[in-house]
1. Between Gln399, Gln405, which is open to solvent by 60 Å² or more (accessible area, probe 1.4 Å) and either touching a residue at least 60 places away in the same chain (Cβ under 8 Å) or in contact with a helix residue (DSSP H, G or I) (Cβ under 8 Å, 6 or more places away or on another chain) (or both)?
2. Of the residues Thr205, Thr220, only one is touching an Asp or Glu at 6+ places or on another chain (Cβ under 7 Å) and either over 23 Å from Ala179 (Cα atoms) or not aliphatic (A, V, I, L, M) (or both); which?
3. Every residue in region 266-302 that is open to solvent by 10 Å² or more (accessible area, probe 1.4 Å), farther than 16 Å from Gln219 by Cα and in contact with a helix residue (DSSP H, G or I) (Cβ under 7 Å, 6 or more places away or on another chain), please.
4. Among the strands (runs of 3 or more DSSP E) lying completely within region 70-138, list those that include at least 3 residues that are within 17 Å of Ser55 (Cβ to Cβ).
5. Is it the case that Phe352 is under 27 Å from the mean Cα position of the chain (by Cα), modelled with pLDDT under 90 and of a type outside the set (D, E, K, R)?
6. Looking only at region 251-265, which residues are open to solvent by 30 Å² or more (accessible area, probe 1.4 Å) and within 20 Å of Thr361 (Cα to Cα)?
7. Out of the residues in region 40-65 that are open to solvent by 30 Å² or more (accessible area, probe 1.4 Å) and over 22 Å from Thr114 (Cα atoms), which is modelled with the lowest pLDDT?
Amino acid sequence: MFNFDSKSSAAADTEDNDISELMALAARLSPISDLNEANRQTICKSATIVNVNRSTALAANKEHRWLTYISEGQVEVRNAKDKEDTQVVEANTSRATQPVLKEFTQHHSIATKTTATLVRFGQELFDILLKEQQKNATKAHDVRVYEKDNVVFDSIVEAFENRTVNLSCQSGVNQKIAALITRGSTGIPELSLALAADPALTAHTMHEANKLAAGETTQTMRGAITRLGVESVNQLALKIPAEQKWQPSNPAIEQHMAGYQRRTTLTAAICKVLAKSVPHLTDERAHLIGLMADIGELMVISHANKHADQFNDAESLLGASRNLREAVGSWLLGAWGFNENFIEAAESARDFYRNHTGEITYADLVTAALLTIESELPEEENKSVPSVVNLLLPRKLQQAGIDLQNPQYILEQAAAELNELQHLMQQ
């Protein structure tokens, strides 16, 4: 199963090429699966594999430092004080997803009749990671909201409570997707590009894929298609736009939606372009994260559309979008099983003055895209996006060869990406 030292009773530290397999295992184990992906990767890097000979006994009171699981073979959990209290734990069973030892008394032990392989995760490290994760999961958003904002927020909360969260697709996207699928010669690369053209269709498709993940998330549209199957994705691609068709209730809402779609599509294209200059980031993943970064705004627009009498001017809808998009966007992405990279971009990409230390992240690319768009194609007179000359991010990106003070060049490259999509959808 894993490529480790096969010597009896030897523990081998994990190697880089084994982490992906160990991560897949960890995502199925309780309580290890309670950790998010980044923390699971951390604990997997320090995990050890123990190959145990037949007729070996491991005392429970010496195993308390670890969460130990059976990955191959079988073991017996024995209680020396009660001979009838013996339990067989076999790999690849539901019991194997739980720690082998649930009690750590001096009377309990792990015993083998045949050879077996155990996986150990540090108990103390797990406790630290989980505590930190729970602390970080509670975030306070200090936002001044107004009566109209509360109308939208209450509507969104109700949708979450009733499990009726839906996102509106662009007008005409169902016809374009239908035409593409009907041609019958569309491969996964073309289908993934087409599905990722619309934020709502992307979010719904990724959500369906994540529901099959058993703790693992997908971060690319190709990954979602592979997980769901091409036929199922084709059905979703026809069903979702037809059911979630956008119908604006007044001109102000229609205009705001059009602006949102333009900005989001361009943000995604720019992120894809910029990622090509950053070796540890992928352009396909960057495209999706850029597309999803303002997904909260799409929710705000959709729910404002239900209360159109209170949002018949551009200013009120703009204010509600600014106040709510980050909070409800991260809420949606978390509830729909999106990876931490997506959630981080939704939460922090518009924090333009944040501390940009460490490696370039996908959230940094989204921030760069928003700065580029605002510098060349501002949406409003009262700008909420600062100039790049006042920020630290441009200096960080410059090290990767990305010059935010040449936005026209970036936009030209993004236009080439958009032309490829437009050509695909109009064939």
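The values are calculated or read from the model by the stated rules, or taken from the named source; none is laboratory data. Keep in mind it's a predicted model, so treat the numbers as computed, not measured. Cβ placement follows ideal geometry from the backbone for every residue including glycine, while neighbour counts extend to all protein chains displayed. When the accessible area is computed, the model is the full protein with side chains, heavy atoms only, and any ligands, DNA or RNA have been set aside. Shrake-Rupley method; radii C 1.70, N 1.55, O 1.52, S 1.80 Å.
1. Sole residue among the options that is open to solvent by 60 Å² or more (accessible area, probe 1.4 Å) and either touching a residue at least 60 places away in the same chain (Cβ under 8 Å) or in contact with a helix residue (DSSP H, G or I) (Cβ under 8 Å, 6 or more places away or on another chain) (or both): Gln405.
2. Exactly one residue qualifies, and that residue is Thr220.
3. The answer is Leu266, Val273, Lys276, Asp294.
4. It comes to 74-79, 108-111, 116-122.
5. On the way: under 27 Å from the mean Cα position of the chain (by Cα): yes; modelled with pLDDT under 90: yes; of a type outside the set (D, E, K, R): yes.
Yes: the conditions hold for Phe352.
6. Within region 251-265, Thr265 is the sole residue that qualifies.
7. Once the filter is applied, the top-ranked residue is Asn61.
Here's the yes/no breakdown for (1) surrounded by fewer than 24 Cβ atoms within 10 Å (Cβ to Cβ); (2) out of contact with any Gly (no Cβ under 7 Å at 6 or more places or on another chain); (3) assigned to a helix (DSSP H, G or I); (4) among the β-branched types (Val, Ile, Thr):
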site	(1), (2), (3), (4)
Glu344	yes, yes, yes, no
Asp351	yes, yes, no, no
Ala369	no, no, yes, no
Glu374	yes, yes, yes, no
